[in-house]
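Step one of this worksheet: look at the structure below.
The values are calculated or read from the model by the stated rules, or taken from the named source; none is laboratory data. Bear in mind the structure is a predicted one, so any value in this text is a computation, not a measurement. Positions of Cβ are backbone-derived with ideal geometry, glycine not excepted, and every protein chain shown enters the neighbour counts. In case anyone asks, the SASA skips ligands and DNA or RNA and just uses the protein heavy atoms, side chains included. Shrake-Rupley method; radii C 1.70, N 1.55, O 1.52, S 1.80 Å.
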Amino acid sequence: MAAPIATTAPQPFMQRMRGLAPGLAFCFAVAAVAIVVRNATGIAALNPVVVALVLGIAWRAVMGPTASMKPGVAYAVRPVLRAAIVLLGLQVTLGMLWALGPGALVLAVVVVATTLPFTIWLGGVLGVDRALAQLVGTGTAICGASAIVAANQVARGRDEDVTYALAVITLCGTAALLIFPVLAGPLGLSAREYGLWSGAAIHEVVQAVGAAAAGGPEASQSGTVMKLARVFLLAPAVLALGWWVARQAGGEAAAVKAPVPWFAFGFLGLVVLGSTGLVPAEAVQASRFLVPLMLAASVAALGFSTDLKALKARGVAPLLLGVASTLWITLLALLGVKLIG
C-alpha cells in the first residue's frame with residue numbers, strides 16, 4: 001500500500017503576507033492618489049501626506065472600519081513608517097550641513113532644542129494631553145508630518161492625537177508659507193537671511209522650500225539646506241524624547257518604558273553613509289520617490305484608523321498650542337537670523 005502523499009502547510013510568511021495585502025494595498029493606493037493630486041495641481045499646500053490623511057479619514061467615515069484591512073493598516077503605521085524615516089537619511093549629508101556655517105548650524109540646534117520643550121510645557125499649562133503636546137512640539141520644531149509620525153513611536157499617542165497634530169501643523173505651516181514672503185521686505189531681510197529664516201521656522205520641508213523659493217535662488221538654497229539641518233536633528237530629538245518619556249513613565253510604573261527608536265539610528269547611519277559618496281545617485285533619487293510614498297501610505301493608515309468623534313473631543317486647546325508654538329519658533333528663528341547676519 002502506497003504511503004499517503006504529504007501535503008505541505010502554507011508557509012507562515014505567505015499567510016502573513018495574505019493577511020497584510022488588503023490593508024497595505026489600500027494604504028499605498030491612497031498614497032499614490034495623493035501624490036498624483038499634488039503633482040497635477042502643483043499646489044505646495046497639498047502635501048501628499050496631508051491629502052492621504054484626508055482620504056483615509058474620508059474612507060473610514062463613508063465605508064466604516066474593515067476587519068480585513070486592519071492587519072495591513074497597522075503594518076503601514078509602524079514598519080513602513082520606520083523604513084521611510086531610515087531612507088530619509090539618504091537625502092541629508094554632513095557636507096550640506098557644514099556648508100551652512102557654524103552660526104546657522106547653532107541656530108538650527110537652538111530652534112529645535114527650545115521649541116520642543118517649550119511646546120510640551122505650554123501644553124501642560126493649556127491642559128493639552130501630554131502625548132499630543134509632544135507631537136505638536138516635534139512637528140513644529142523639526143519637519144512637520146514626518147516628525148510627528150516618527151515621534152509617536154516613542155510618545156505612543158492615540159491615532160486621534162496624531163491626526164490632530166498633523167492637522168494643526170498643516171494649518172500653521174501653510175499659513176507661514178503664505179505669510180513669510182510678504183514679510184521679507186518689511187523686515188529688511190537679505191535673500192540669504194530670508195532663506196535661513198524660512199528653513200529655520202516653517203514646519204514641512206515642502207512648505208519651507210516653497211516659501212524660501214519666493215526669495216530667489218540664493219534664498220532657496222540657504223532655506224533648503226537649513227531645513228535639511230532640522231531634518232537631520234529628527235533622530236537626536238526622537239532619542240531625547242524617548243529618554244524623557246521613559247523617565248516620566250518611571251515615576252508612574254516601573255514596567256512602562258518607551259521603546260528604543262532603532263529607526264533613528266538607521267537614519268543617522270544612512271546620513272553618514274551618504275556623506276562618504278559611496279551611495280549611488282540613483283539610490284538617492286529613488287529615496288526621493290519612495291519616502292513621500294511610504295510616508296503618505298503610513299498617514300493614510302492613520303486616517304483610516306481615526307475616529308472623528310474622538311478627534312472632536314480634543315477641543316480647541318491643541319490648536320491654540322500649535323499657533324503659539326509656531327509664533328515661538330518664528331520669532332526665535334528671526335532673532336537668530338538677525339544675530340548671525
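Looking only at the stretch 185-219, count how many residues are at pLDDT 90 or above, open to solvent by 10 Å² or more (accessible area, probe 1.4 Å) and of a type in the set (A, V, I, L, M).
Residues flagged as at pLDDT 90 or above, open to solvent by 10 Å² or more (accessible area, probe 1.4 Å) and of a type in the set (A, V, I, L, M) within the stretch 185-219 amount to 3.
Do we have R38 as of a type in the set (K, R), within 26 Å of F232 (Cα to Cα) and not in a loop (DSSP other than H, G, I, E, B) here?
Criteria met by R38.
Could you list, in sequence order, all residues of the stretch 220-236 that are open to solvent by 10 Å² or more (accessible area, probe 1.4 Å) and assigned to a helix (DSSP H, G or I)? Please lay out each step first, then the result.
If we filter the stretch 220-236 for residues that are open to solvent by 10 Å² or more (accessible area, probe 1.4 Å), which is where we start, we get 220-222, 224-225, 228, 232-233, 236.
If the condition is that a residue be open to solvent by 10 Å² or more (accessible area, probe 1.4 Å) and assigned to a helix (DSSP H, G or I), then S220, Q221, S222, T224, V225, L228, F232, P236 are the ones that fit.
Q285 is checked against (1) over 26 Å from A219 (Cβ atoms); (2) modelled with pLDDT of 85 or more and fails just one. What number does that condition carry?
All conditions pass for Q285, except number (1).
Could you say which residue among L189, L196 is over 18 Å from V112 (Cβ atoms) and over 13 Å from the mean Cα position of the chain (by Cα)?
L189
From (1) open to solvent by less than 50 Å² (accessible area, probe 1.4 Å); (2) at pLDDT 80 or above, pick out the condition that doesn't hold for F28.
(1)
Please return the ranges of helices (runs of 4 or more DSSP H) entirely within the stretch 88-171 where 3 or more residues are open to solvent by 20 Å² or more (accessible area, probe 1.4 Å).
Working: elements: 94-99, 102-126, 130-141, 145-155.
Hits in the stretch 88-171: 94-99, 102-126.
Identify the residue in the stretch 237-263 that is of a type in the set (F, W, Y) and open to solvent by 40 Å² or more (accessible area, probe 1.4 Å) and, among all such residues, is modelled with the lowest pLDDT.
If we filter the stretch 237-263 for residues that are of a type in the set (F, W, Y), which is where we start, we get 243-244, 262-263.
After this cut, where a residue has to be open to solvent by 40 Å² or more (accessible area, probe 1.4 Å) as well, the list is 243-244, 262.
Working: W243: 83, W244: 85, W262: 71.
Ranking the candidates gives W262 first.
Rundown of residues vs (1) under 29 Å from A219 (Cβ atoms); (2) in contact (Cβ under 8 Å) with a residue 60 or more places away in the chain; (3) in contact with a Cys (Cβ under 8 Å, 6 or more places away or on another chain), yes/no style:
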residue	(1), (2), (3)
A32	no, yes, no
I43	yes, no, no
V50	yes, yes, no
A67	no, no, no
A74	no, yes, no
P102	yes, no, no
L122	no, yes, no
